[in-house]
Amino acid sequence: MENKLDGNAAAGVLQAIFPFDMTLVQATCTGCGATKAIGATAAYMYGMGTIIRCPSCDTVLIRVAQARGRTFLDMRGVRVLQISAGA
Ligand SMILES: [Zn+2]
């Protein structure tokens, strides 16, 4: 896809939802079990939202969409989030 970015590009979208720096949080993929910092994943930014994919197996980890004044957060691709005290 031509609009592929790294996970750091999604920092602003995620900062509006989570009270810590999500780019530093480690996410374990439900698809392949790989654990990577969100900042090291692949992000796809669209007009309606953001999709964060596992860089190892391409599973969708996090999907964020904004519509009609609401934010829709789908995290079914994340098995575990590891949030460090300093994040
Ligand atoms: Zn994966």
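The values are calculated or read from the model by the stated rules, or taken from the named source; none is laboratory data. These figures come from a predicted structure and were not determined experimentally. Please note: Cβ atoms are built from the backbone with ideal geometry, for glycine as well, and neighbour counts cover all protein chains shown. Please note that ligands, DNA and RNA were not included when accessible areas were found on the heavy atoms of the full protein model with its side chains. Shrake-Rupley method; radii C 1.70, N 1.55, O 1.52, S 1.80 Å.
Selection of segment 23-39 for residues being without any contact (Cβ under 8 Å) to a residue 24 or more places away in the chain and of a type in the set (A, V, I, L, M) yields only ALA34.
Here is a yes/no grid of residues against (1) open to solvent by 70 Å² or more (accessible area, probe 1.4 Å); (2) within 14 Å of the ligand (Cβ to nearest atom):
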| residue | (1), (2) |
| --- | --- |
| ALA9 | no, no |
| ASP21 | no, no |
| ALA34 | no, yes |
| THR41 | no, yes |
| LEU61 | no, yes |
| LEU73 | yes, no |
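Of all the residues in segment 45-59, those that are open to solvent by less than 70 Å² (accessible area, probe 1.4 Å) and away from the ligand (no atom under 11 Å from the Cβ) number 5.
Here ALA16 passes the criteria (1) within 18 Å of SER84 (Cα to Cα); (2) modelled with pLDDT under 95; (3) more than 14 Å from the ligand (Cβ to nearest atom) except the one numbered (1). Suppose we filter segment 23-74 for residues that are within 21 Å of ASN3 (Cα to Cα), touching a Leu at 6+ places or on another chain (Cβ under 8 Å), of a type in the set (A, V, I, L, M, F, W, C) and modelled with pLDDT of 95 or more; how many remain? Looking only at that region, the number is 8.
Every test in (1) at negative phi; (2) out of contact with any strand residue (DSSP E or B) (no Cβ under 7 Å at 6 or more places or on another chain) is passed by ALA37 save one, and that test is (2). A Cβ distance below 6 Å, combined with a sequence gap of six or more or placement on separate chains, defines the contacts here; from segment 51-76, residues that are under 16 Å from VAL13 (Cβ atoms) and in contact (Cβ under 8 Å) with a residue 24 or more places away in the chain reach residues that are open to solvent by 40 Å² or more (accessible area, probe 1.4 Å) and more than 11 Å from the ligand (Cβ to nearest atom) in the pairs ILE62/MET75; VAL64/LEU73.
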